[in-house]
Amino acid sequence: MNRPFGVALVGLGMAVSPHARALADLRESVVVRHAWSPSAARRAAFHAATGFPVADSLEAVLEDAAVEAVILLTPPDTHLELVERVLAAGKHVLLEKPLEADPQRAEAVVASCAAAGRVLGLVLQHRFRPAAERLSALIQDGALGAIVGAGAVIRLWRPQSYYDQPGRGRRARDGGGVLLTQGIHTLDLLLSLAGPVAEVAAFAVTSAVHRMETEDLVAAALKFGSGAIGTVDATTAAFPGQPERIEIIGTRATASLIGAELDVRWHDGRTEQVRGETGTGGAGADPMAFPHDWHRALIADFAAAVRAGRSPRADGAAGLAVHDLIGAILRSAEQGAAVAVPVR
């Protein structure tokens with residue numbers, strides 16, 4: 001189809017910035033028909049900053065036939081009700097992570113989209129980093145050999161002022177701490193590269209660095225379904241923050257994905273590097289300090305998926321898989337024992 005893909009943005013808080021920049025780049029193929037927030041001040045500020053049209057009500061967004069999909073950027077605990085309203089209007093859904101604040105509601109989000117026959121995409125943009133895409137291709141081609149080890153280090157920094165914002169770091173609104181709110185991106189990428197995890201043994205605490213309800217420091221051992229083993233080290237208490245790291249150990253090579261950069265070293269002496277952007281990548285006090293390129297690629301893939309009638313690369317199944325892993329890590333920490341990750 002030659003006509004542009006019509007979208008609406010719902011929720012104009014912190015998460016909207018990279019989406020707005022990405023959509024400005026994609027304006028020839030993806031058109032923002034409306035942007036809406038219940039806050040009139042936010043609507044006015046967003047329009048002044050971007051020039052995108054704003055709507056006075058959610059009803060106006062949902063009643064517009066030119067809107068094919070809604071990009072939902074609202075707090076996690078609002079997702080299910082909003083997704084159901086979007087589906088009732090016949091629209092597709094691109095949803096800011098996580099799926100929901102509660103596991104059962106997360107399941108309901110995915111089930112509702114499937115029952116309605118609408119495409120569900122999840123904003124897990126780390127999959128679209130060029131270095132991550134190159135590593136994925138190498139693994140798919142068997143270039144690293146069999147994977148024997150895989151793990152992630154997520155050492156971020158969030159000041160107490162971040163958690164002092166209403167609802168931040170609380171189970172009722174966010175559903176979890178460092179794993180579900182920040183680490184979900186890296187954990188999703190780890191699963192997409194190394195495959196599903198079968199069992200975990202973990203510790204999770206709220207450190208003395210923060211006053212918050214949910215966890216800000218996690219250490220977990222993983223056993224993958226393939227038999228590979230690894231670890232997850234995740235925190236928002238590591239000042240001043242470091243780029244996330246994924247390491248894949250294969251029988252032919254070891255690959256290190258550090259932020260947006262890839263370093264691969266083969267046993268036979270060959271090497272390969274992919275260099276990405278410099279900077280904190282959102283690891284430090286400003287969680288939005290990263291380029292919008294990955295969001296642009298994700299939105300373009302979602303629009304193409306809707307038009308082609310296929311699943312986007314970051315879909316509901318991927319969302320449930322990473323939710324399952326996070327849930328198992330936290331259950332293991334609570335129970336003080338290894339626990340199995342659900343098999344879907």
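Below is a table of values for the structure above.
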| quantity | calculated |
| --- | --- |
| Flag for Leu120 being surrounded by 17 or more Cβ atoms within 10 Å (Cβ to Cβ) and under 29 Å from Glu247 (Cα atoms) | no |
| Residue in segment 135-152 that is more than 30 Å from Ile249 (Cα to Cα) and assigned to a helix (DSSP H, G or I) present | no |
| Residues of segment 98-109 classified as in contact with a Leu (Cβ under 8 Å, 6 or more places away or on another chain) and surrounded by fewer than 21 Cβ atoms within 10 Å (Cβ to Cβ), total | 3 |
| So Gln182, is it surrounded by fewer than 24 Cβ atoms within 10 Å (Cβ to Cβ) and within 17 Å of the chain's Cα centre (by Cα) | yes |
| Residue within segment 173-181 that is over 22 Å from Pro75 (Cβ atoms), assigned to a loop (DSSP other than H, G, I, E, B) and in contact (Cβ under 8 Å) with a residue 12 or more places away in the chain present | no |
| The listed residue being of a type outside the set (Val, Ile, Thr), farther than 30 Å from Asn2 by Cβ, modelled with pLDDT of 95 or more and under 14 Å from the mean Cα position of the chain (by Cα), out of Ala321, Ala340 | Ala321 |
| Options Val30, Val54; residue that is at pLDDT 95 or above, assigned by TED's automatic domain parsing to the domain that holds Gly309, in contact with a helix residue (DSSP H, G or I) (Cβ under 7 Å, 6 or more places away or on another chain) and closer than 21 Å to Pro312 by Cβ | Val30 |
| The one condition in (1) within 28 Å of Gly169 (Cα to Cα); (2) of a type in the set (Asp, Glu); (3) in contact with a strand residue (DSSP E or B) (Cβ under 7 Å, 6 or more places away or on another chain) that Glu68 fails to fulfil | (1) |
| Contacts under 8 angstrom Cβ, first residue in segment 80-92 being farther than 14 Å from Ala108 by Cβ and in contact (Cβ under 8 Å) with a residue 24 or more places away in the chain, partner surrounded by fewer than 17 Cβ atoms within 10 Å (Cβ to Cβ) and β-branched (Val, Ile, Thr), 6 or more apart | none |
| Checklist (1) more than 19 Å from Val7 (Cβ to Cβ); (2) crowded, with 19+ Cβ neighbours inside 10 Å applied to His79, failing item | (1) |
| Evaluation of Phe239 against (1) under 20 Å from the mean Cα position of the chain (by Cα); (2) in contact (Cβ under 8 Å) with a residue 40 or more places away in the chain (one fails), failing number | (1) |
| Test: residue in segment 261-268 that is of a type in the set (Val, Ile, Thr), in contact with a Lys or Arg (Cβ under 6 Å, 6 or more places away or on another chain) and either surrounded by fewer than 22 Cβ atoms within 10 Å (Cβ to Cβ) or modelled with pLDDT of 95 or more (or both) | no |
| Hits in segment 269-303 - residues which are modelled with pLDDT of 95 or more, exposed (fewer than 14 other Cβ atoms within 10 Å of the Cβ) and not β-branched (Val, Ile, Thr) | Gly269, Arg270, Gln273 |
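The values are calculated or read from the model by the stated rules, or taken from the named source; none is laboratory data. The model shown is predicted, which means the values in this text are computed figures rather than measured ones. FYI the Cβ positions are ideal-geometry reconstructions off the backbone, even for glycines, and counts take in every protein chain you see.
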